[in-house]
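The structure appears below as structure tokens.
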Ligand SMILES: [Zn+2]
């Protein structure tokens, strides 16, 4: 595993499987076209992310698309996240344009250009399905994060995603479209969602930890109102991804910050503390 993580661009084993298959069936140029389109799409995300100084762990390429892995979605402003996400699908419009230009030349066979056009369209449509972790799923997740606190938003996205996978499966069976491909795809998507669902508490924890060292000024302020016997744990469940929260304690007429709460909880290990404990501690 460690060796895989060292590679910045990681090509998923399923991709190699298709490469071998394509050589055996004499479709090498087709696979090359797919490789170029998929890589181009990911580079769209990559360069946009780099322009915002995001840290990128690696790019994984698989036959139906790629994934740019980063932890930054837990602490970057939503508008940056939106631009980084949309930068992928937008590349397909550019690719369409290039295909049109190439059609005017004799550089490539018409058959290959037709394939490039089809595959480019297929990836674009597939990529915009509202399923996590596809770009469509991510775009949808931004809406969830605007209207809901992080913890709930993240859960609802995955539940919505599971439902979309099911609808997608039913539609594909009904239209009996390339069932082997669809089976591989659905399995992959289901697996990704199951994995993300299993690690949702871990993701939530990472989100809270990321809040402790981020730039407050980039965020909209939204005060949250509580009474003092509320546990810090419950306070955190009201945190939004793209907002910064001063904490108002009604019965004590005290204002504290989310940072104080997080520090008390994580740095001092007060996992069962209430807001009241926090204010008494700061008075000492
Ligand atoms: Zn993408």
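Over all orientations, region 232-284 has a Cα convex hull whose mean projected area works out to 3.6 square nanometres.
Of 271, 119, the sequence from fewest to most neighbouring Cβ atoms within 10 angstrom is 271, 119. Calculated [222 nm] ellipticity per residue, helices only, for the chain: -20000 deg cm²/dmol; basis is -39500 (n - 2.57) per DSSP H run with n ≥ 4, divided by all residues, nearest 500. Using a Gaussian network model on the chain with a 10 Å cutoff between Cα atoms, which of 78, 124, 201 fluctuates the most? Of 78, 124, 201, the most mobile in the Gaussian network model is 201. Put in order of Cβ neighbour count within 10 Å, fewest first, the listed residues 150, 35 become 35, 150. Note on residue 206 and residue 266: their simple-model spin labels are 1.3 nm apart, each label 7 Å out from Cα toward Cβ. Here the gap between residue 230 and residue 152, fully extended at 0.36 nm per residue and compared with their Cα-Cα distance, gives a gain of 26.2 nm. Taking 4 °C and 1.567 mPa s as conditions, region 6-101 diffuses translationally at an estimated 90 µm²/s according to Stokes-Einstein applied to its Kirkwood radius (Cα pairs).
Residues 85, 39, arranged from fewest to most other Cβ atoms within 10 angstrom of their Cβ, appear as 39, 85. Taking 7 Å steps out from each Cα toward its Cβ at residue 167 and residue 187 produces label points 2.6 nm apart. Any idea what angle helix 28-51 forms with the longest principal axis of the chain, computed on alpha-carbon atoms, 0 to 90 degrees, nearest 10? Taking the Cα atoms of the chain, the angle to 28-51 is about 30 degrees.
Between residue 82 and residue 53, the modelled labels are 2.3 nm apart [label points 7 Å from Cα along Cα→Cβ].
A Gaussian network model of the chain, with springs between Cα atoms under 10 Å, assigns the largest mean-square fluctuation among 141, 228, 51 to 51. Compute the long axis of helix 13-24 from its Cα atoms, compare it with the longest principal axis of the Cα atoms of the chain, and write down the angle in degrees, 0 to 90, nearest 10. With rounding to tens, the tilt is 0 degrees.
Shown here: region 119-170, whose C-alpha atoms stretch 37, 22, 12 Å along the first, second and third principal axes, sorted largest to smallest. Dimensions of region 132-211 along the principal axes, based on C-alpha atoms and rounded to the nearest Å, stand at 46, 22, 16, largest first.
Comparing 101, 259, 225 in a Gaussian network model of the chain, where Cα atoms under 10 Å apart are tied by springs, the biggest mean-square fluctuation is seen for 101. In the chain, the longest principal axis of the Cα atoms and the axis of helix 135-147 are about 20 degrees apart. The calculated Kirkwood hydrodynamic radius for the chain is 21.4 Å, given to one decimal from all distinct C-alpha pairs.
Read-outs throughout are calculated quantities, based only on the coordinates presented, and are distinct from any laboratory measurement. Computed from a predicted model, the values in this text were never measured in an experiment. Glycine gets a Cβ as well: all are built from the backbone with ideal geometry, and neighbour counts include every protein chain shown.
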